[in-house]
Amino acid sequence: MAKISVKLDDKKVDDELSNINLRLLDLSDLDDFMVWATDDKVSKFCSWETFKSREDAVKYIIDFIIPHPWFRAICVGDRPIGIIFVRPDSGGDSCRGEIGYALASQYWGKGIATRAVEMTATAVFGEWPHLERLEGLVVANNEGSQRVLEKAGFQREGVLRKYLVLKGKTRDMVMFSLLSTKLISK
């Protein structure tokens, strides 16, 4: 699997942040994974709980990340600073996939998540020609993640009220989508 790479154009971004790429995540990335996976600020809006032990993280990487059909590390150079994935739907819903991502908090607000979402959309629409729609569901009060999707070209479709239970609370979710035809016409 080749890396997916891009250089950021914004002159304000530090040199170390100019080489963003996506690659497979594996057990050799455990130390970097633990940086963001143990941070309550990062996991606050994620479906997974903050990791408390290396053993739990190893099990998650082996049982969930490695066999996942499209799960990548967001890297600066070769160092993972976050994760991004697309969960494909099946059956009559196989034309859709759902994107999810998490980024180490020290990298928030630098355009990295937006660039990773753009790169992922381009890659997954190319790799999965049956995919016509990429969806992003964001907790309603997660304004940063909503901005990421909007800047990446996703369209806000509306609020799904009391849509799911996350960390013991029923949450409103904002639905975003990007169509393969929209990506091609960009």
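The values are calculated or read from the model by the stated rules, or taken from the named source; none is laboratory data. Predicted model, so just to flag it, every value in this text is computed and none were measured. Cβ coordinates were reconstructed from backbone atoms using ideal geometry, including for glycine residues, and neighbour counts include every protein chain displayed. SASA here: full protein model, heavy atoms, side chains in, ligands and nucleic acids out. Shrake-Rupley method; radii C 1.70, N 1.55, O 1.52, S 1.80 Å.
Here is a check on your reading of the model: is Thr120 at pLDDT 95 or above, buried (at least 22 other Cβ atoms within 10 Å of the Cβ) and either in contact with a His (Cβ under 6 Å, 6 or more places away or on another chain) or under 23 Å from Arg156 (Cβ atoms) (or both)?
yes
Taking the stretch 75-98 on its own, how many of its residues are open to solvent by 10 Å² or more (accessible area, probe 1.4 Å) and either under 17 Å from Phe176 (Cα atoms) or within 10 Å of the chain's Cα centre (by Cα) (or both)?
Residues flagged as open to solvent by 10 Å² or more (accessible area, probe 1.4 Å) and either under 17 Å from Phe176 (Cα atoms) or within 10 Å of the chain's Cα centre (by Cα) (or both) within the stretch 75-98 amount to 8.
Suppose we keep only residues that are more than 17 Å from the chain's Cα centre (by Cα) and of a type in the set (Ser, Thr, Tyr) within the stretch 147-186. Which one would you say is most open to solvent (accessible area, probe 1.4 Å)?
Per the stated criteria, the residue is Tyr163.
Of the numbered conditions (1) touching a residue at least 40 places away in the same chain (Cβ under 8 Å); (2) touching a strand residue (DSSP E or B) at 6+ places or on another chain (Cβ under 7 Å), Asn142 fails exactly one; give the number of that condition.
So Asn142 meets the others, but not (2).
Check the stretch 97-115 and report whether any residue there is among the charged types (D, E, K, R) and touching a residue at least 40 places away in the same chain (Cβ under 8 Å).
yes
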